[in-house]
Every structure is written in C-alpha cells, then in structure tokens.
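This report refers to the structure that appears directly beneath it.
The values are calculated or read from the model by the stated rules, or taken from the named source; none is laboratory data. Being a predicted model, the structure only gives us computed values, none of them experimental. FYI the Cβ positions are ideal-geometry reconstructions off the backbone, even for glycines, and counts take in every protein chain you see. Note: areas computed on protein heavy atoms with side chains; ligands, DNA, RNA excluded. Shrake-Rupley method; radii C 1.70, N 1.55, O 1.52, S 1.80 Å.
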Amino acid sequence: MRKNVRSLLLQGLAAVLLAGGALGAVNATGEEANASTTSGPRSGSYATPAKDQAFTGVWPRLRTGSRGTDVRTAQHLLAARGYAVSPDGAYGKKTAAAVRQFQTRTGLKADGVIGPKTWTKLTALTIGRGDKGHAVKAVQIQLALKPDGIFGTKTQAAVAAFQKKKNLKSDGIVGPKTFHALITDSTAAKPKPVVRGYSLQFSKNWKNPTYSKLSLVRDGKVLKSWRAGSGMGSTNECASKRGWLPSGAYKVQAHFTHRDGNAIDGYAIQLPDNTCRPKAGTKQQPVTRTDLFIHSEMTRNGGQGKDNPHRDDPDRWENANDYKSLGCIKLTPADIKDLFKRLDQARWPRNLTLYVR
C-alpha cells in the first residue's frame, strides 16, 4: 500500500514538472516571436535588433587600411550619428578613432575594428521615404544609386525590389534586417568574375562629368586611365544628344583613325545604340541613344584644324571645355592616340567591350 501511494505521488510530481516545462517553453516562444517582429525606432535612435533566422549573411570585418563601398557605408553611418569622418572609402586614423568613440559609447570593446557587434549597433536604426542625410547615403551606395542623401521614390523602389529579392517584407523601409542584408550581400555573395582579356571601363564622376575616367583593363588590372568627359554637362542619360552615356555594356563595333563624319572625325571607336533607363517615379520616357562613340576633336586625318580666334573649332582641341560632347565619351587627341596605340599592340581584341558605370 505504501509503495502504491509513493508511486502515485512520484507520478503526480513528474506530471507537474512536465507541465511547468511545457508552459515555460510556450512563454519563451511567445517572447521570441514578439521580439523578432519589433521594429527599430526611426531617425537613427539606438535599438538592438533581436536575433533572427534571416540574419545569415557574414558581416564584413573592417579595420585600418580597409577600402571600398563597405568602408564608405560605415563612414556614412558614423557621420549620421555626429562623428567627424569623411566618407571617402579609406579606413584611416580618423575613421578608426571615430569607431573607438562609438564603441565606447555603445558599451563595446573599443578596438577600432568594425566587426559583427559594431555593425549591429551601427545599423540599429530605421529610415524611409522623406528621410535625408548620411544614413540614406549609406543605403544608396549599397544599392549603387546616386548618393544624394534623399530617400525619394527611386530609393524607395530600389529598396523594395532588393527586399523582395531577399524574401524580406517589401515595404521600402530600411530597418536593421534590411541593413544587414544590404551590407552582408556585398561580401557574402560570390565575388564578380574578373573580365578576362582586354576591356574598357568608363567611370562616371557625378559631381563633375568632365572629370570622369576611361580605363584600359586587362584581366581585371587597370593598364592605363585617362581623363574623359561625356555629355554636355548633364548627367541625365535620357537627354538625347546631350546627356552622358547610359550605364551598361557596349561591344565595340568598329574603330577608325581617319573617320570622316558629320561631327566626329579622325580617331573614333564606334559603340552600339543603347536605350536609357528613366528615373523611377518620373514621367520621362525611354530614349534610344544613337551615334555613340569614343572620340576627340580633330580632323579626318587625325590632326588638328586651323585655330580660328573667338570661335569653337570642332576639329581642334582648344581647352577643357572640349571634354563635353553630344552624349559620347571624349578624350584629348593625345590620349585617344595613346589608347589606340595600346589597342593596336593588343591587336584590337575580338569582343572588346566597354563597361559604363
């Protein structure tokens, strides 16, 4: 009888313990679910994002000597919090000092290295349509947009498209989850394959188009770069005959040393037509850009025309104003001849492609 009573008591106690454990598990699950759906505050105030299974990317590790887009992103995020850093993409002494100050302020080890914990603190903010400043620029450069610091319709659309691609809530608002996906996507993803052989690259200078750059590249290594211009001072790719060359890839169609055209003579590299991409949210229609070349200002024989005072001579390079063009890429006569000399030595590779970014 005593054994039976004792057995019943033990069974009852075990049932109570099991019920308590199950209740605790339910409570823990509920708290985790609530934490994972809590949004961070707007306008850069601090928040600690909860652990989330979607956070699978690898944060880039940045320290003194690091360079690139992720460094610029971190610098913009520091500047958004009032730290005096210049977002130049170079992790120097001033950036390291600002990182240490930020780490001290947020209770982290002040080692001046941006790792996962520091990234988590830096990106603990939420921004969206109508916001302005450095935090917006941090988003824009990760999305390869013009970093004007204004969260407008184009930025919102680009964010929403990225979120959809990453299976995030596609609301066009950048919170900790989206920041994490943006930054880790640029490092965790496989690196872009190096273009083998020779290619040309045109890097746009958004602030001053006539200080853009054309480079001759071989197997990913820049062999030579030249100052270049494009457009008539307008960065609008859809301004026919005036805007600068639309971004994209152009397979070189032909090259000339004695071209005799209506506006382009002498040394010239012909590019295929291309259709511009209007800004999101604008009423501007796509425009097919034609008569695209890499060229200079010279005679059909590759020389320089007669200097006519008080007149802009189309066959003579006169000053830096000649870098402007009707939507093409322009080099000085000496520079385009140098480019041709190098491509002659390379025997004008087949499938030579110009990449415009």
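Of the strands (runs of 3 or more DSSP E) contained entirely in the stretch 208-254, those carrying at least 1 residues that are at pLDDT 80 or above, touching a Cys at 6+ places or on another chain (Cβ under 8 Å) and of a type in the set (S, T, N, Q) fall at 221-230. Within the option set D322, D344, D313, being among the charged types (D, E, K, R) and either open to solvent by 20 Å² or more (accessible area, probe 1.4 Å) or under 21 Å from V222 (Cβ atoms) (or both) holds for one residue only, D344. Being at pLDDT 70 or above and either loosely packed, with under 15 Cβ neighbours inside 10 Å or in a strand (DSSP E or B) (or both) is a property that does not hold for G30. Output the residue which, of all residues in the stretch 43-78 that are modelled with pLDDT under 90 and touching a His at 6+ places or on another chain (Cβ under 7 Å), is nearest to L168 (Cα to Cα). Among those that are modelled with pLDDT under 90 and touching a His at 6+ places or on another chain (Cβ under 7 Å), it is F55. Yes or no: P314 in contact with a Ser or Thr (Cβ under 6 Å, 6 or more places away or on another chain), touching a residue at least 12 places away in the same chain (Cβ under 8 Å), more than 20 Å from F202 (Cβ to Cβ) and not β-branched (V, I, T)? No; evaluated as a whole, the condition is false for this residue. In the stretch 347-357, of all residues being not aliphatic (A, V, I, L, M) and not in a loop (DSSP other than H, G, I, E, B), the one that is most open to solvent (accessible area, probe 1.4 Å) corresponds to Y355.
Taken together, the criteria exclude A254 from residues that are in contact with a helix residue (DSSP H, G or I) (Cβ under 8 Å, 6 or more places away or on another chain), surrounded by fewer than 14 Cβ atoms within 10 Å (Cβ to Cβ) and either touching a residue at least 40 places away in the same chain (Cβ under 8 Å) or more than 30 Å from Q156 (Cα to Cα) (or both). Evaluate the stretch 178-187: report whether one residue or more is over 29 Å from P286 (Cβ atoms), in contact with a Phe, Trp or Tyr (Cβ under 9 Å, 6 or more places away or on another chain) and modelled with pLDDT under 85. Yes, the stretch 178-187 contains a residue that is over 29 Å from P286 (Cβ atoms), in contact with a Phe, Trp or Tyr (Cβ under 9 Å, 6 or more places away or on another chain) and modelled with pLDDT under 85. Taken across the stretch 289-304, residues that are open to solvent by 20 Å² or more (accessible area, probe 1.4 Å), closer than 14 Å to C238 by Cα and out of contact with any Gly (no Cβ under 8 Å at 6 or more places or on another chain) do occur, with at least one present.
Quick one: is G130 over 22 Å from the mean Cα position of the chain (by Cα), surrounded by fewer than 17 Cβ atoms within 10 Å (Cβ to Cβ) and among the small types (G, A, S)? No; evaluated as a whole, the condition is false for this residue.
Looking at the stretch 111-176, the helices (runs of 4 or more DSSP H) lying wholly inside it that each contain 1 or more residues that are closer than 18 Å to G68 by Cα, free of Cβ contacts under 8 Å to residues at least 24 places away in the same chain and out of contact with any Leu (no Cβ under 9 Å at 6 or more places or on another chain) sit at 134-142. D335 falls short on exactly one of the conditions (1) touching a strand residue (DSSP E or B) at 6+ places or on another chain (Cβ under 8 Å); (2) in a loop (DSSP other than H, G, I, E, B); (3) surrounded by fewer than 20 Cβ atoms within 10 Å (Cβ to Cβ), and that condition is (2).
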